[in-house]
Amino acid sequence: MLEIKNLHSGYNKIEVLHDINIKVPDGKIVVVIGRNGAGKSTLLNTISGLVKIKSGSIEMNGQKIPSAPHKIVASGIIQVPEGRRIFPSLTIAENLIMGGYLASNAEMNVRKEEVYNTFPILCQRENQQAGTLSGGEQQMLAMGRGMMAGPKILLLDEPSLGLAPLVFTQVFELIIKLNKERNMTIILVEQNATIALKMADYAYVLENGCVVIEGPGEELIKDARVKAAYLGAAVKTLKEPSPREYLE
Amino acid sequence: MGVPMQFSIILQQVVNGLSLGAVYALIAVGFALIFNVLKFSNFAHGGVLGISAYAGYIAANQFKLPLIPVILVGMVTGAILAVLVELIAFRWIRLQKGQLVYFFVTSVTMLMLLEQVLIIRFGASFESYPYTLVKVRVLQFGDVTISVTYLLSLISTIIAFSGLIYVLKKTKIGIAIRAASNDLTATSLMGINVNMVIIAAFIVSGMLGGLSGVLYGISASLSPQIGQIVVKGFIASVLGGLGSLTGVAVAAVVLGVLEVFLISTIGSGLSPVVIFLLMVVFLLVRPHGFAGVSFSDKA
Ligand SMILES: Nc1ncnc2c1ncn2[C@@H]1O[C@H](COP(=O)(O)OP(=O)(O)O)[C@@H](O)[C@H]1O
Ligand SMILES: [Mg+2]
């Protein structure tokens, strides 16, 4: 269980997040939606230790999480950042090695095998520079790199951004698979609210750095305010099949 | 006889140029390593190089150590000094999230400080490594005379770069240094302690700097201003397109060969002028350097 209590955080003198309270039970998918600039990435980066906590706390199983980013990763909280941020001049294999930096060689080999099974294209291009991959392939690599760390809690920052429908489906299928088969806890940040809310066990709506609405995913989809603000335009343009429907 | 004479002179010049270029390559790659990770031009590298050159000199002159231990003394000194510079000067600025210009100014200050240490200790005079350090001074191939100290520079550089390539390609920490060069923040998201990676980069850079200092000292001479050859490393780094270490090394070798030829044709007064002009023209034509590749963001 990850618990964010009365969290305030931001950059230098600017406070971006105000009094955030979020609970992420083990094995659940928790979704955070919100417009550009609402503070979604700041939230994930605060959890990852990249943005300093001003006050409040983040606890895992009742214990405060460490403050250094690399120690947070060591405690099992892994972020797949916005914009993928793969290492462009490293090969795909080297990117995966970096993802599994803290893993033993044996774990590394098993996980690499898994990543390659999930995304065969990465295996074919193993020794190619990651910067030469297409955007969708880079997202696959970013996900794969995250899997290499063996996360207990996986933080995903807008994984659907700019993806073609096919890759989009593949990425969301993987998220659901990791959650169902591995019992991996997921915090998913999305602008693409329709799909995200469908897969959410619980969801939060962030506006100007505050949680303004929260509730189980299905409830939020029906919520009039959410519909008006986040689903209205999106529903019309979204043609992608819902991954849940796709799987079942 | 005229033609073979000329050929042999040219060949000697090529070897001289390559060996000078090799030393420049060591300097430039050590310089570029830090630039790649921390994104500022670390002129303190010259100070590290200078002190290491003198450390090697003391090891040879006072402690009468043979060649290889002398080289090792230079490399170890370079590594320790580079780490101290990072811990004392740069880390603090980083923790304050200081702007790049502070790093730059600090690095120049460190260069002058370290240079001053040498001036205080050794005065403004020139010193040389003991002549006996390299016992056989020249090799004769028919008409061609090759200086062994120059060969030493070449061979040491090749060995050092082989080691460097191995570390950067085959070891986790080496790959992490390259990852950090791409994206320091993303590196920390891999569970990597970026402070350790930065220290590792300074160790590697300092070893290369120490080696270049000793080699330069052996094949030329020592003065407290020796650290200023870091400018050559800087030029080569820029020409090579900082991001690519291979590009930087190639540019440095080209620079060394060019310099030797310019000095023998137009003299040592004009040579730097021509080199700076060439650098400006080259950068106008190829702003990203020889090997400049940049990966654009993909949607
Ligand atoms: N590095 C930064 N320094 C200062 N302000 C920032 C920084 N990153 C983001 N912000 C500000 O924080 C707010 C929230 O940004 P962000 O968390 O990126 O939003 P979202 O991910 O929801 O689009 C914005 O007003 C943004 O301008
Ligand atoms: Mg964001």
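The values are calculated or read from the model by the stated rules, or taken from the named source; none is laboratory data. Note that the structure is a prediction, hence the values are computed from the model and not measured. Cβ coordinates were reconstructed from backbone atoms using ideal geometry, including for glycine residues, and neighbour counts include every protein chain displayed.
Would you say A:SER48 is facing chain B (nearest Cβ under 9 Å), within 16 Å of ligand 2 (Cβ to nearest atom), of a type in the set (Ser, Thr, Tyr) and within 25 Å of A:GLU3 (Cβ to Cβ)?
On the way: facing chain B (nearest Cβ under 9 Å): yes; within 16 Å of ligand 2 (Cβ to nearest atom): yes; of a type in the set (Ser, Thr, Tyr): yes; within 25 Å of A:GLU3 (Cβ to Cβ): yes.
Spelling it out, A:SER48 is indeed facing chain B (nearest Cβ under 9 Å), within 16 Å of ligand 2 (Cβ to nearest atom), of a type in the set (Ser, Thr, Tyr) and within 25 Å of A:GLU3 (Cβ to Cβ).
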Kindly provide the set of residues from the range A:184-237 that are polar (S, T, N, Q) and modelled with pLDDT under 95, ordered by number. A:GLN191, A:ASN192, A:THR194, A:THR237
Give me a count of the residues in the range B:225-240 that are surrounded by fewer than 23 Cβ atoms within 10 Å (Cβ to Cβ) and of a type outside the set (Val, Ile, Thr). 3
Which pairs have Cβ atoms under 7 Å, sit 6 or more apart or on different chains, and link a residue in the range B:188-214 that is facing another protein chain (nearest Cβ under 9 Å) and more than 10 Å from B:LEU33 (Cα to Cα) to one that is outside any helix (DSSP H, G or I) and at pLDDT 95 or above? B:LEU189/A:SER48; B:LEU189/A:GLN79; B:LEU189/A:PRO81; B:MET190/A:TYR101; B:GLY191/A:TYR101; B:GLY191/A:LEU102; B:GLY191/A:ALA149; B:ILE192/A:TYR101
Any chance the range A:103-113 includes a residue that's under 20 Å from B:LYS172 (Cβ atoms), more than 16 Å from ligand 1 (Cβ to nearest atom), outside any helix (DSSP H, G or I) and hydrophobic (A, V, I, L, M, F, W, C)? yes
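For residues that are more than 6 Å from ligand 1 (Cβ to nearest atom) and surrounded by 24 or more Cβ atoms within 10 Å (Cβ to Cβ), tally how many sit in the range A:31-43. Walk me through how you get there before you give the answer.
Filtering the range A:31-43 down to residues more than 6 Å from ligand 1 (Cβ to nearest atom) leaves A:31-33, A:35, A:43.
From what is left, the residues that are surrounded by 24 or more Cβ atoms within 10 Å (Cβ to Cβ) are A:31-33, A:43.
Of the residues in that region, 4 qualify.
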A:PHE87: passes all of (1) within 16 Å of ligand 1 (Cβ to nearest atom); (2) in contact with a helix residue (DSSP H, G or I) (Cβ under 6 Å, 6 or more places away or on another chain); (3) of a type in the set (Phe, Trp, Tyr) but (1)
Name the single residue that is farthest from the other protein chains (Cβ to nearest Cβ) among those in the range A:151-206 being surrounded by fewer than 17 Cβ atoms within 10 Å (Cβ to Cβ) and within 16 Å of ligand 1 (Cβ to nearest atom). A:GLN191
If you check every pair at least six apart or on different chains, which have Cβ atoms under 7 Å apart with a residue in the range A:1-15 that is assigned by TED's automatic domain parsing to the domain that holds A:LEU50 and polar (S, T, N, Q) first and a residue that is within 16 Å of ligand 2 (Cβ to nearest atom) and assigned to a strand (DSSP E or B) second? A:SER9/A:VAL16; A:SER9/A:LEU17
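Can you say whether B:VAL238 is away from every other protein chain (no Cβ under 14 Å), in contact (Cβ under 8 Å) with a residue 12 or more places away in the chain, in a helix (DSSP H, G or I) and more than 19 Å from B:THR77 (Cβ to Cβ), as far as the supplied structure shows? Lay out the reasoning, then the answer.
On the way: away from every other protein chain (no Cβ under 14 Å): yes; in contact (Cβ under 8 Å) with a residue 12 or more places away in the chain: yes; in a helix (DSSP H, G or I): yes; more than 19 Å from B:THR77 (Cβ to Cβ): yes.
Yes: the conditions hold for B:VAL238.
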For A:THR132, work out the one condition from (1) assigned by TED's automatic domain parsing to the domain that holds A:TYR204; (2) among the hydroxyl-bearing types (Ser, Thr, Tyr); (3) within 25 Å of A:TYR101 (Cβ to Cβ); (4) without any contact (Cβ under 8 Å) to a residue 60 or more places away in the chain it doesn't fulfil. (1)
Check whether at least one residue in the range A:63-74 is within 25 Å of B:LYS169 (Cβ to Cβ) and away from ligand 2 (no atom under 16 Å from the Cβ), and report yes or no. yes
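In the list A:ASN95, A:ASN12, which residue meets the criterion of being more than 16 Å from ligand 2 (Cβ to nearest atom), within 14 Å of chain B (Cβ to nearest Cβ) and surrounded by fewer than 17 Cβ atoms within 10 Å (Cβ to Cβ)? Steps first, please.
Details: A:ASN95 fails: surrounded by fewer than 17 Cβ atoms within 10 Å (Cβ to Cβ).
Selected residue: A:ASN12, the only one of A:ASN95, A:ASN12 that is more than 16 Å from ligand 2 (Cβ to nearest atom), within 14 Å of chain B (Cβ to nearest Cβ) and surrounded by fewer than 17 Cβ atoms within 10 Å (Cβ to Cβ).
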Hits in the range B:128-176 (condition: under 20 Å from B:ILE203 (Cβ atoms) and more than 11 Å from chain A (Cβ to nearest Cβ)): B:SER156, B:THR157, B:ILE159, B:ALA160, B:PHE161, B:SER162, B:GLY163, B:LEU164, B:ILE165, B:TYR166, B:VAL167
